[in-house]
Amino acid sequence: MVEWHDYVAEERERQLMEIVTSEKLKEAETRKFLENAFRDGEIRTTGTDIDKLMPPVSRFGGGGRAKKKQGVIDKLKAFFERFFGLGNASFTAEEQKPKAVVYDMTPPTLSMVAEPLAEYGSKKNEDNV
């Protein structure tokens, strides 16, 4: 199971970096966007979130911004659909490895409920009589 998790994490990271470099996206913003998408269970394409990931492109005159934005959306959707539900959804390095939980299954030592009995005729019993 650990090997599968490692494979998925490596492949996810490789494909994410491929998208970031090929589309010249801002890495930190892209990671945050995808982390939120995996948390929410969907890619949100409305609003300015996608624009924050993209490199600066002139909004006026032939920059092809709308076409580039749609290409980024398509790649991020494909990435999301490929990896949603597989392994850990975190994109930070310290969260990549699964955390092992160890349970101590040894039974606890039970303490004595009552004091040990005193011998008959001892000093302790004479005081109580």
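Rule-based calculations on the coordinates, nothing more; no lab input. Computed from a predicted model, the values in this text were never measured in an experiment. Virtual Cβ from ideal backbone geometry, glycine too; neighbours counted across all protein chains shown.
Please list, in order, the residues from the stretch 29-44 whose amide nitrogen is less than 14 Å from a point placed 7 Å along the Cα→Cβ vector of Ile73.
Those under the cut-off are 43-44.
Between Glu42 and Thr109, what is the FRET efficiency for a Förster distance of 35 Å, r being their Cβ-Cβ separation, to the nearest 0.05?
With R0 = 35 Å, the Cβ-Cβ based efficiency is 0.10.
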